[in-house]
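No lab work stands behind these numbers, since they all come straight from the coordinates. All values reported here derive from a predicted model rather than from experimental measurement. Backbone-built Cβ (ideal geometry, glycine too); neighbour counts: all protein chains shown.
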């Protein structure tokens, strides 16, 4: 059997409700909708973190962020540590199976030499290394963690810094992706397409804004940025079809975490929360371990190989590594992962379920077991105090996490609290023993 090509598409700070196939009614995403209609659309897919760097680390390594060595938003200066080669990525694993590997777009997993994409399994890298940058000048302005205020240019082709002033970044990422497909059409390839949209700064060319003249500004710019991504998905799929590769290519799409409410999205100095993105009916946003921060839009497409359907079983982005590795001919047992392969479910509808899922973000810890979700010290946004020390909900009956069942179900609450604390203890131990020293100079 021919090895499938693999394309993983990631968006940045896109909420659960920011696709028309996931419920958006004020703008359309026709290309992603088409993938969902002909593939598997997940309604209970989770990122492994409510912020970008840990979420990306888990997606690429199949491990919980603390077991992958990345637990927080990483700095953007050029000595910043992050992911290292002792934790293999799916790119590293697929290279060993004969795949050519490429990344187009955002990395945000470290800038030190050993933390860069080419050191972590990628044959080709076209994109940027920090967490966000101007879409036209490709300059990183925000949060220089070394205490300086100087901006840093951040556009690369492998280890070579390149300049392309005025090249709208979303379109550049698409163009580089299509070029990669064209050049490697005759060999198995893995392509990671990491769009930075719709992460701030909120930039979009007029041609996209003109599609949504009647939306309020915050929603209009969000729709325009996502529309540019959707067009990019269309161009990628069109190239696969031109090369007669579409039915032999796995294309997986997800967002890295929930929508941002950060006031810097406004670009006008105001301190009001930003309302351009939506988590749909869920509570919480980026940074929160309530559903709105971690439940994400996700689609798995494989040409005509899959029975189109909606899957509501809870899964987590860490499942992608073992799933793709098995689909490409490997054995998931070859690598240490926290995720599980869901390939049997995708191909044959064979149940593949976790006994429990876990998350951590600074002082917050969360756990999902069946229909029940526990959040300890959960925050709705990064600038608000804890909503409750212990919050237990039944997601089947209350997906918006509006009712706290902690007092009504004390035995289950105690069981889950103990399990979550034990898991967090293991994460802290692994971190202290294996990864904390990596960050002493950053």
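Tell me the volume per residue, in Å³, of the convex hull enclosing the alpha carbons of region 357-439.
Once divided by residue count, the hull of region 357-439 is 98 Å³.
Count the DSSP beta bridges whose two residues both fall in the chain, then state the antiparallel fraction as a percent rounded to the nearest 5.
For the chain, the DSSP antiparallel bridge percentage is about 55.
Suppose each label sits 7 Å from its Cα in the direction of the beta carbon; what would the residue 331-residue 159 distance come out to in nanometres?
Result for the modelled spin labels: 3.6 nm.
Within 10 Å of each residue's Cβ, count the other Cβ atoms and sort 108, 31, 138 from fewest upward.
Numbers: 108 30, 31 19, 138 22.
The most exposed by this proxy come first: 31, 138, 108.
How big is D, in µm² s⁻¹, for region 110-212 by Stokes-Einstein at 20 °C and 1.002 mPa s if Rh is the Kirkwood radius over C-alpha pairs?
Once the numbers are plugged in, D ends up at 142 µm²/s.
Distance between Cα centroids, region 388-426 to region 1-55: provide it in whole Å.
28
How do 3, 106, 286 rank when sorted from fewest to most other Cβ atoms within 10 Å of their own Cβ?
Arranged by neighbour count, lowest to highest, 3, 106, 286 become 3, 286, 106.
Measure out, as a whole number of angstrom, how far apart the alpha-carbon centroids of region 279-343 and region 58-102 sit.
17
For the chain, compute Rg over Rh where Rg is the Cα radius of gyration and Rh is the Kirkwood radius from the inverse mean 1/r over Cα pairs.
Working: Rg = 20.3 Å, Rh = 21.7 Å.
Computed over Cα atoms, the ratio is 0.94.
For region 27-177, what is the Kirkwood hydrodynamic radius in Å, using each pair of distinct C-alpha atoms? Could the numbers behind the result be given before it?
Numbers: mean 1/r = 0.0605 Å⁻¹.
One over the average 1/r among Cα pairs gives 16.5 Å for region 27-177.
So for 45, 225, fewest C-beta neighbours within 10 Å to most, what's the order?
Starting with the residue having the fewest Cβ neighbours, the order is 45, 225.
What is the Rg over Rh value, at two decimals, for region 141-275, using alpha-carbon atoms and the Kirkwood definition of Rh?
Here Rg/Rh amounts to 1.01.
Spin-label point model (7 Å from Cα, Cβ direction): what's the residue 349 to residue 306 distance in nm?
Once both label points are built, they end up 1.5 nm from each other.
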